[in-house]
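Scroll down for the structure; my scribbles are underneath it.
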């Protein structure tokens, strides 16, 4: 794997249940590695499954806001589409 290494990358397993072997490893950024963790919160919305961090990028709504909304029983649709209110919704 060394010929494809670039500064700032580290080895990441594609399948977290698999072994560290060439067919199951890749060079990845910290951000990519964080999205490949087994304990990520995967949310399905409009037929697409993404980790919470990806929905943050798509919606522009802060991660803690989405997480808190879902914990309070909001539907995924509402949690990902309702604009944040100034004040309470924007606090961690």
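The values are calculated or read from the model by the stated rules, or taken from the named source; none is laboratory data. Remember, predicted model here, so these are calculated numbers, not experimental data. We place every Cβ from the backbone using ideal geometry, glycine too, and count neighbours over all the protein chains shown.
Among the residues of the stretch 12-47, the ones that are exposed (fewer than 11 other Cβ atoms within 10 Å of the Cβ) and under 18 Å from residue 74 (Cβ atoms) come to 3 in all.
Is it true that residue 6 is farther than 30 Å from residue 85 by Cα and exposed (fewer than 14 other Cβ atoms within 10 Å of the Cβ)? Here the answer is yes, as residue 6 does meet what is asked.
Given the structure, is residue 69 surrounded by 10 or more Cβ atoms within 10 Å (Cβ to Cβ), in a helix (DSSP H, G or I), in contact with a helix residue (DSSP H, G or I) (Cβ under 8 Å, 6 or more places away or on another chain) and modelled with pLDDT of 90 or more? It is true that residue 69 is surrounded by 10 or more Cβ atoms within 10 Å (Cβ to Cβ), in a helix (DSSP H, G or I), in contact with a helix residue (DSSP H, G or I) (Cβ under 8 Å, 6 or more places away or on another chain) and modelled with pLDDT of 90 or more.
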